[in-house]
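The values are calculated or read from the model by the stated rules, or taken from the named source; none is laboratory data. Worth saying up front: this structure is predicted, and the values here are computed from it rather than measured. Glycine also receives a Cβ, built like all others from the backbone with ideal geometry; neighbour counts cover every protein chain displayed.
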There are 2 protein chains.
Amino acid sequence: MDYDREFLTGTVTVLILALLNERAMYAYEILQEAERRSARAFQMKEGTIYPALHQMERGGLLKAEWRQGESGRARKYYSLTAKGRKKAQSKREQWEAISAAMRMILGDLHG
Amino acid sequence: MDYDREFLTGTVTVLILALLNERAMYAYEILQEAERRSARAFQMKEGTIYPALHQMERGGLLKAEWRQGESGRARKYYSLTAKGRKKAQSKREQWEAISAAMRMILGDLHG
DNA sequence: TATCATACCTTGTTCGACAAGGCAAAGGGC
DNA sequence: GCCCTTTGCCTTGTCGAACAAGGTATGATA
C-alpha cells in the first residue's frame, strides 16, 4: 500500500524513540528494523532519519557513540538519555490517545 | 493532554471524510462534532478546517450547498461526492494500516 | 445595549518528511 | 585486480499541512 505522506508525519519520532528504548542502534539499522517489523509499511528515508536523529541529539534526547565492530566500518550508535526515555513514554501515550480518538470517530467497524 | 502538532497531521482529512460519510455537515459543526466524539482529544482550528474543505471541494471530493435554516443564518453544508466516498474508504484503510504497523513497533503492551 | 457564541473567511509562518544529491568503505562476482 | 552493489554516513532545498492571528457579520442572551 502506498501511503499519503501526511500520515507518516509524527510517526518518525515515536518510532525512533520506541526502537532506541529497547537497545542502542545506528541510523541505518533503525531504518531496516522499522521496515522489517512493520511488514514494510514503514519505509523511512535517509533524508528523514538523519536530520531527525541530529535534532533529537541536540535536544538532549539521545547520545551518540562511535563503535568499531570486528569487521566492517565504524557505526554511530544512538541510545536514549534519561530525558529521552521520558519523551519516549510521553510520545507513546500521545500516540495511543490519538489512536483511540480516531477509533471513536471512525467507529470500530473494522477491528 | 496536549498533543504535539505533528501528531495531528494527516488526521484532519480522514476525520472530515469520515464524518461527512455519515451525513452532510457544515464546517463549524464538523469542528464541534469531532471534539465531542473524541472526548476533546481533537480540537481542530478554523484556520485548519476551512482551507481543508475548500481544497477538498476543488479536488472534487465534496460538494457544498447553502441551506437557510428556519432560524439562524444560512450555513454551508458539505457532502461527499462519489469520488469523496472512495477517498474516504481509501484514507480509512491507510489509517488502519499505519495504526496496525505502529502497534507492531510499539508492542501491544497497553492494549 | 453590550457581549458572547456562532459561522464564514484569509494571509503568513513554522516545521517535518522527502527528493536528490554527495562521499567513502566493505564485500561479492568475474 | 577491477567493478558494482550494499552499507553507512551526511546535506541542501522544496513542498505542504496545521496553525496563529487576524477579519466580517449574524443571532442570542444578559
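Here are some notes:
- Flag if B:Gln89 is within 15 Å of DNA strand C (Cβ to nearest atom), part of a helix (DSSP H, G or I) and not aliphatic (A, V, I, L, M): no
- Residue list for segment A:33-49, restricted to those being surrounded by 13 or more Cβ atoms within 10 Å (Cβ to Cβ) and either over 21 Å from B:Trp95 (Cα atoms) or more than 15 Å from DNA strand C (Cβ to nearest atom) (or both): A:Glu33, A:Arg37, A:Ile49
- Tabulated pairs, segment A:51-74, first under 17 Å from A:Arg85 (Cα atoms) and away from chain B (no Cβ under 14 Å), second more than 10 Å from DNA strand D (Cβ to nearest atom) and assigned to a loop (DSSP other than H, G, I, E, B), C-beta under 7 angstrom, 6+ apart or interchain: A:Gly60/A:Thr81; A:Leu62/A:Thr81; A:Lys63/A:Thr81
- All of A:Ala24, A:Ala18 fail the test of being surrounded by 13 or more Cβ atoms within 10 Å (Cβ to Cβ), away from chain B (no Cβ under 14 Å) and touching a Lys or Arg at 6+ places or on another chain (Cβ under 9 Å), apart from A:Ala24.
- Contacts under 7 angstrom Cβ, first residue in segment B:86-101 being within 7 Å of chain A (Cβ to nearest Cβ), partner in a helix (DSSP H, G or I) and among the small types (Gly, Ala, Ser), 6 or more apart: B:Arg92/B:Ala18; B:Ser99/A:Ser99
- Restricting segment B:50-61 to residues that are surrounded by 17 or more Cβ atoms within 10 Å (Cβ to Cβ) and within 12 Å of DNA strand C (Cβ to nearest atom), the residue that is nearest to B:Tyr78 (Cα to Cα) is B:Leu53.
- Annotation: A:Lys63 fulfils all but one of (1) farther than 20 Å from B:Ala100 by Cα; (2) in contact with a helix residue (DSSP H, G or I) (Cβ under 8 Å, 6 or more places away or on another chain); (3) more than 11 Å from DNA strand D (Cβ to nearest atom); (4) in a helix (DSSP H, G or I); the unmet one is (4).
- Every condition in (1) at pLDDT 95 or above; (2) loosely packed, with under 12 Cβ neighbours inside 10 Å; (3) among the acidic types (Asp, Glu) holds for B:Asp108 except the one numbered (1).
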